[in-house]
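A short write-up of the structure that comes next.
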Amino acid sequence: MINNHSDWHIPEHVGIIMDGNGRWAKKRALPRSVGHKYGAQNFRKITRYISKQGVKVLTLYAFSTENWKRPADEVGALMKLFRQYLVDSLTDFREDDIKVVFIGDRSAFDPKLVELINESEEVAKDRKGMLLNIAMNYGSRDEILRAVKMIGRDIRDHKLDPDQITEEDISSRLYTAHLPDPDLIIRTGGEFRLSNFMLYQSAYSEFYSTETLWPDFHEDDFDKAVMEFNRRNRRFGGV
Ligand code: IPE
Ligand code: IPE
Ligand code: MG
């Protein structure tokens with residue numbers, strides 16, 4: 001438990017690219033959807049653990065804007081799991097006081113799922129614990145494009161002067177407005193890429209990649225990532 005290491009610095013905002021469900025299933029000669037099922041179970045367990053470690057914001061990348069390219073039956077299985085896990089999460093995270101919010105374009109989802117997303121945010125809105133930020137139909141390029149459109153409209157409506165645009169004008173129009181930038185981004189499944197995750201916000205995030213596949217990523221794997229984070233020297237361009 002990280003709690004036993006009082007000298008450890010706990011990252012304020014952790015992002016996790018939960019990758020490797022398909023390979024986890026393939027190794028066991030099971031359909032990919034079974035991998036997603038075990039991945040979703042792990043999501044519940046690890047979220048509770050991370051909230052107990054003092055992390056303030058946890059962003060989980062659950063479905064990207066590019067994941068619609070997958071076969072219809074896989075996308076369907078994922079949507080079914082989202083519905084099921086959102087129903088559970090309505091009560092699930094109450095005792096840990098976890099506040100749930102979503103980023104991404106929710107308009108593309110089935111209206112029933114949108115309703116559940118809204119309801120999950122609503123029941124948790126007064127909670128004071130960790131903020132669980134679930135990225136669903138999220139893509140950073142889409143997010144930036146959306147911000148550019150907002151800025152364009154504000155210029156047209158004379159609310160913004162193009163010569164006076166600041167970085168804050170951009171970040172405040174991203175889905176993550178009001179959230180700190182991620183300090184640590186963990187990717188399971190062994191790849192070293194962001195796959196359209198928080199391209200703007202990750203300018204100075206520490207990146208940690210592990211071969212461990214998402215359904216196998218447990219408490220001690222998270223501790224290892226935090227340990228590694230504590231060894232990094234974050235200079236932010238300084239000396
Ligand atoms: C991550 O696991 C889950 C989603 C992207 C929804 P994958 O389904 O990408 O698993 P691999 O990378 O094929 O093993
Ligand atoms: C990234 O995983 C997206 C999520 C974890 C939701 P992918 O499996 O979609 O990424 P690529 O295709 O390997 O880049
Ligand atoms: Mg993958």
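For region 102-148, the set of residues classified as under 22 Å from residue 51 (Cα atoms), part of a loop (DSSP other than H, G, I, E, B) and open to solvent by 50 Å² or more (accessible area, probe 1.4 Å) consists of 125, 126, 128, listed by residue number.
Within region 203-226, the residues that satisfy the criterion of being farther than 20 Å from residue 9 by Cα and in a helix (DSSP H, G or I) are 214, 215, 216.
For residue 73, the requirement of being over 17 Å from the mean Cα position of the chain (by Cα), under 20 Å from residue 32 (Cβ atoms) and more than 10 Å from ligand 1 (Cβ to nearest atom) is met.
Filtering region 183-202 to residues that are part of a loop (DSSP other than H, G, I, E, B) and either away from ligand 3 (no atom under 16 Å from the Cβ) or of a type in the set (A, V, I, L, M, F, W, C) (or both) leaves 183, 192, 194, 197, 198, 199, 200, 201, 202. Do the conditions hold for residue 79, that is, is it at negative phi and surrounded by fewer than 20 Cβ atoms within 10 Å (Cβ to Cβ)? Here the answer is yes, as residue 79 does meet what is asked.
Is there a residue being within 14 Å of ligand 3 (Cβ to nearest atom) and open to solvent by less than 10 Å² (accessible area, probe 1.4 Å) anywhere in region 36-59?
Yes: one or more hits.
Being closer than 21 Å to residue 221 by Cβ and not in a helix (DSSP H, G or I), is that true of even one residue in region 61-84? Let's see the steps before the verdict.
Let us first name the residues in region 61-84 that are closer than 21 Å to residue 221 by Cβ, namely 61-62.
Then keep just the ones that are not in a helix (DSSP H, G or I); that gives 61-62.
Looking through region 61-84, at least one residue is closer than 21 Å to residue 221 by Cβ and not in a helix (DSSP H, G or I).
Confirm whether residue 151 is open to solvent by 40 Å² or more (accessible area, probe 1.4 Å), away from ligand 1 (no atom under 16 Å from the Cβ) and either touching a helix residue (DSSP H, G or I) at 6+ places or on another chain (Cβ under 8 Å) or farther than 23 Å from residue 49 by Cβ (or both). Taking the combined requirement at face value, the residue does not satisfy it. Whenever a residue of region 18-32 is open to solvent by less than 70 Å² (accessible area, probe 1.4 Å), its partners that are among the basic types (Lys, Arg) and more than 12 Å from ligand 3 (Cβ to nearest atom), lying with C-beta atoms within less than 9 angstrom and at least six residues away or across chains, give the pairs 21/37; 25/37.
Could you pull out the residue among 139, 189, 152 that is over 17 Å from the mean Cα position of the chain (by Cα) and among the small types (Gly, Ala, Ser)?
Numbers: 139 fails: over 17 Å from the mean Cα position of the chain (by Cα); 189 fails: over 17 Å from the mean Cα position of the chain (by Cα).
Result: 152 is the single residue among 139, 189, 152 that is over 17 Å from the mean Cα position of the chain (by Cα) and among the small types (Gly, Ala, Ser).
The values are calculated or read from the model by the stated rules, or taken from the named source; none is laboratory data. Small disclaimer: the values here were computed from a predicted structure and weren't measured. All Cβ positions, even for glycine, are placed from backbone atoms using ideal geometry, and neighbour counts span all protein chains on display. Ligands, DNA and RNA are excluded from the accessible area calculation, which covers all protein heavy atoms including side chains. Shrake-Rupley method; radii C 1.70, N 1.55, O 1.52, S 1.80 Å.
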